[in-house]
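Each remark here refers to the structure printed beneath this line.
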Amino acid sequence: MKRNTKTTRRPRVVARNCNFCHTKTEPEYKDIAILSKYLTERGKILAQSKTGVCSTHQRSLAQAIKRARHVALLPFIVRV
Ligand SMILES: [Zn+2]
């Protein structure tokens, strides 16, 4: 019997609670305390589906993290 994918597929629940929209701030490369919340323990940038940040701020957040890495405020990789 063929599996009905339409009924078995679960709806994608994405929590939309963008902290930057809520506080009306923009991600800045100097705010390491805020930026480090959006990194894994190995120093990778978390996906939008995990962070719940809106697409506009996710883009500027990734750019801010990359800038912070360039000026050595954040690590590129964390060796475990
Ligand atoms: Zn936002």
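The values are calculated or read from the model by the stated rules, or taken from the named source; none is laboratory data. Everything quoted here is computed from the prediction, not taken from an experiment. With ideal geometry, Cβ positions are generated from the backbone for all residues, glycine too; neighbour counts draw on all protein chains shown.
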Considering only residues that are in a loop (DSSP other than H, G, I, E, B), within 9 Å of the ligand (Cβ to nearest atom) and within 8 Å of the chain's Cα centre (by Cα), which ones fall in the stretch 21-58? Val53
Which of the residues spanning the stretch 58-80 are modelled with pLDDT under 95 and not hydrophobic (A, V, I, L, M, F, W, C)? Pro75, Arg79
Could you look through the stretch 12-62, keep only residues that are among the β-branched types (Val, Ile, Thr) and over 22 Å from Ile77 (Cβ atoms), and pick out the one that is surrounded by the fewest Cβ atoms within 10 Å (Cβ to Cβ)? Val13
